[in-house]
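The values are calculated or read from the model by the stated rules, or taken from the named source; none is laboratory data. Since we're looking at a predicted model, the values are computed, not measured. Please note: Cβ atoms are built from the backbone with ideal geometry, for glycine as well, and neighbour counts cover all protein chains shown. Accessible surface areas use protein heavy atoms only, side chains included; no ligands, DNA or RNA. Shrake-Rupley method; radii C 1.70, N 1.55, O 1.52, S 1.80 Å.
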Amino acid sequence: MKIGILTGGGDCPGLNAVIRAVVRKGTFHYGDQFIGFIEGWRGVLENKTIPLDLTAVSGILPRGGTILRTSRTNPAKKPDGIEKCLATLKQNNLDALIAIGGDDTLSVAQKLYEKGGKVIGVPKTIDNDLAGTDFTFGFDTAVNIVTESLDRLHTTAEAHNRTIVVEVMGRNAGWIALYGGVAGGADAILIPEHPFDIDKVTAALQQRHARGKLFNIVVVAEGAKFAPSKDAHGTPVVSAAGKDEFGHERLGGIGSLLANEIERRTGFETRAVVLGHVQRGGTPTAFDRMLATRYGLGAIDAVHHGDFGKMVAIRGNKIVSVPVSEAIAKNRTVDQDALDIASGILEEVSGKK
Ligand code: F6P
């Protein structure tokens, strides 16, 4: 078979591991040939490709980013964009396309599938908010980076009797904040799912102070919001005007707003640290390399089983395939079980009963 591969949306560690696994199993076991589309759906729209063979994927397992590069191009927003993509697949004599991406990239895959495109999805996002799967690759790496950062920030916060607010990624879901915050021993975790009450946050920090703990670590997801009040609108904080082609605002800034408010209300010297794209860069953890490899193997098998319109997923440590339509129907937000873990051990978690 001749198969195309693309990586779309925000990059994340493990993309290259998926590409490598697809090409290796496809070549060794099925005798397939591959091409890569450059920069996500832009490459399909503009028919920009590179050959993908064993040499091209050699040595890429530990590399972050994606050898195919990526973009947030949305063909559905271009005149005849979906038809143009289908025409590119035909022009290249492709038997299938493997789209590696999050809900935006996979929503385009679904549109192609509905018009006859033979597409398989692979779930990717550091936010871990894609429905239909227990985990996306890239998430574990991001959590490890947050955890290591919190370990480092603890020592400097303690040395200066400071409160440090750490802003982490997580647009609609607080998985990174929650897992990173618990693993890194944060004192408060604030997630997008539950607007936080600033009075409760400061009360928790003051109680710690009263117990003799003169420093605090607060983890806040970029999509977290102040509960609506006389001086807060209860909307996420954005760092730039405008929206991307999938309608997303550029988030950022909640960390420093919160740090200022904590200092104003408590008198504790407070700093804000934004981890930003550091969470998405660099080499994947062993867990993510393994998960990405399993997804790649699952995806090439799915192509040969004719499982089109499906996304490979992990459920209970088994690789399965689920309809792409199910995966993109809604975000997988932090559930009660995860919230209970954080609530059981931390002074304050937004949404804690
Ligand atoms: O979608 C994953 C994500 O990392 C979000 O957490 C974040 O809001 C966004 O990407 C940042 O996107 P960009 O790379 O376009 O700044």
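Numerical summary
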item	result
Members of the stretch 113-144 found to be more than 10 Å from the ligand (Cβ to nearest atom), of a type in the set (D, E, K, R) and more than 22 Å from ASP301 (Cβ to Cβ), listed by number	GLU114, LYS115, ASP140
Count - residues of the stretch 204-223 that are open to solvent by 20 Å² or more (accessible area, probe 1.4 Å) and either within 16 Å of the ligand (Cβ to nearest atom) or free of Cβ contacts under 8 Å to residues at least 40 places away in the same chain (or both)	5
Hey, GLY309 within 16 Å of the ligand (Cβ to nearest atom) and open to solvent by less than 60 Å² (accessible area, probe 1.4 Å) or not	no
Number of positions in the stretch 245-276 that are open to solvent by 70 Å² or more (accessible area, probe 1.4 Å) and touching a residue at least 60 places away in the same chain (Cβ under 8 Å)	5
Residue selected from the stretch 103-123 under the condition open to solvent by 10 Å² or more (accessible area, probe 1.4 Å) and more than 21 Å from LYS2 (Cβ to Cβ), by the criterion nearest to the chain's Cα centre (by Cα)	ASP103
Per-region count, the stretch 282-296, residues of a type in the set (A, V, I, L, M) and open to solvent by less than 70 Å² (accessible area, probe 1.4 Å)	2
The stretch 176-192, subset open to solvent by less than 10 Å² (accessible area, probe 1.4 Å) and part of a helix (DSSP H, G or I), residue nearest to the ligand (Cβ to nearest atom)	ILE176
When residues of the stretch 337-352 are limited to those that are farther than 10 Å from ASP187 by Cα and out of contact with any Leu (no Cβ under 9 Å at 6 or more places or on another chain), the one surrounded by the fewest Cβ atoms within 10 Å (Cβ to Cβ)	ASP337
Residues located in the stretch 1-42, provided they are open to solvent by less than 50 Å² (accessible area, probe 1.4 Å) and within 16 Å of the ligand (Cβ to nearest atom)	THR7, GLY8, GLY9, GLY10, ASP11, CYS12, PRO13, GLY14, LEU15, GLU39, GLY40, TRP41
Filtered residues of the stretch 224-269 (kept if assigned to a helix (DSSP H, G or I), away from the ligand (no atom under 12 Å from the Cβ) and β-branched (Val, Ile, Thr))	ILE262, THR266
Odd one out for LEU258, checked against (1) closer than 22 Å to ALA159 by Cα; (2) out of contact with any helix residue (DSSP H, G or I) (no Cβ under 9 Å at 6 or more places or on another chain)	(2)
Qualifying residue in the stretch 235-244 (condition: charged (D, E, K, R), free of Cβ contacts under 8 Å to residues at least 60 places away in the same chain and under 23 Å from ARG208 (Cα atoms))	no
Matching entry among ASP134, ASP127, ASP151 (being acidic (Asp, Glu), buried (at least 24 other Cβ atoms within 10 Å of the Cβ), out of contact with any Leu (no Cβ under 8 Å at 6 or more places or on another chain) and at pLDDT 95 or above)	ASP127
Residue list for the stretch 145-175, restricted to those being away from the ligand (no atom under 12 Å from the Cβ) and among the small types (Gly, Ala, Ser)	SER149, ALA157, ALA159
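A quick yes/no check of all residues on (1) open to solvent by less than 50 Å² (accessible area, probe 1.4 Å); (2) in contact with a Phe, Trp or Tyr (Cβ under 8 Å, 6 or more places away or on another chain); (3) small (Gly, Ala, Ser); (4) modelled with pLDDT of 95 or more:
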residue	(1), (2), (3), (4)
VAL44	yes, yes, no, yes
THR66	yes, no, no, yes
LYS84	no, no, no, yes
LYS90	no, no, no, yes
ASN93	no, no, no, yes
